[in-house]
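Every number here is computed from the coordinates shown, using simple stated rules; none is lab data. These numbers were taken from a predicted model, which means no experiment stands behind them. Backbone-built Cβ (ideal geometry, glycine too); neighbour counts: all protein chains shown.
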Amino acid sequence: MKRLLFIIFLLFSLEAGSQSVLTYGTGTTLGVFTGADLCANIKFGSGILYGGGTFCASSILIKTISTEIPDRFEMQQNYPNPFNPVTVIKYQLPKTVFVSLVVYDGLGREVEVIYEGQQSPGYYEATFDASQLTSGVYFYKLMTDGFTGTKKMLMIK
């Protein structure tokens, strides 16, 4: 039943011309057949995407590294830094919270919302592809109701 609802949601979103958020988890397999398009703002999870269709998702992949419960909030420096054009941001959550992970340019303007929503406790890794951005200094900020952290990263083309 979940798969049927998900497929109906995707079809409705695609027919409406909008881009949806794609969430998938461990054990989930999603196929996009030849001639079909799958467009989503975020690919989240550790399931499998396959097929001969077009994946036109944005440049973000968030995956759960471990469901072990950490003892505190933490966000690490992106790696590599400087980067061209892909970098990884790791963070950990000790409890279920609403998470906002956002990238800003050097002037403080929002460039990309990497993730916004509820996340369970665990260790996470966000892969960010900045190929559409120009070289320069960027900041990423992790905000929850129990933690706020900001770090600087450098994109060099």
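Fully extending the segment from Lys90 to Ile69 would add 6.1 nm, taking 0.36 nm per residue of separation and subtracting the current Cα-Cα distance. Computed from label points 7 Å out along Cα-Cβ, the spacing between Val111 and Asp129 is 1.6 nm. Working note: Karplus 6.51/-1.76/1.60 with θ = phi - 60° gives the stretch 65-71 the couplings 7, 7, 9, 4, 8, x, 8 Hz, where Gly and Pro are set to x.
Give the shape of the stretch 64-155 as rounded, prolate or oblate, defined through the alpha-carbon gyration tensor: a ≥ b ≥ c are the square roots of its eigenvalues, a/c under 1.5 means rounded, and otherwise the shape is prolate if a/b is larger than b/c and oblate if not. In terms of gyration-tensor shape, prolate.
Residues whose amide H falls under 5 Å from that of Val111, counting only those 5 or more places apart or on a different chain, are Val103, Tyr104, Asp105, with hydrogens built in the peptide plane.
Between Phe139 and Lys152, the simple spin-label model (points 7 angstrom out along Cα→Cβ) gives 1.0 nm.
The order of Lys141, Lys152, going from fewest to most other C-beta atoms within 10 Å of their C-beta, is Lys152, Lys141. Under a Cβ-Cβ cut-off of 14 Å, what is the net charge of the residues other than Ile89 that fall near it, where Lys and Arg count +1 and Asp and Glu count -1? Neighbourhood net charge equals +1.
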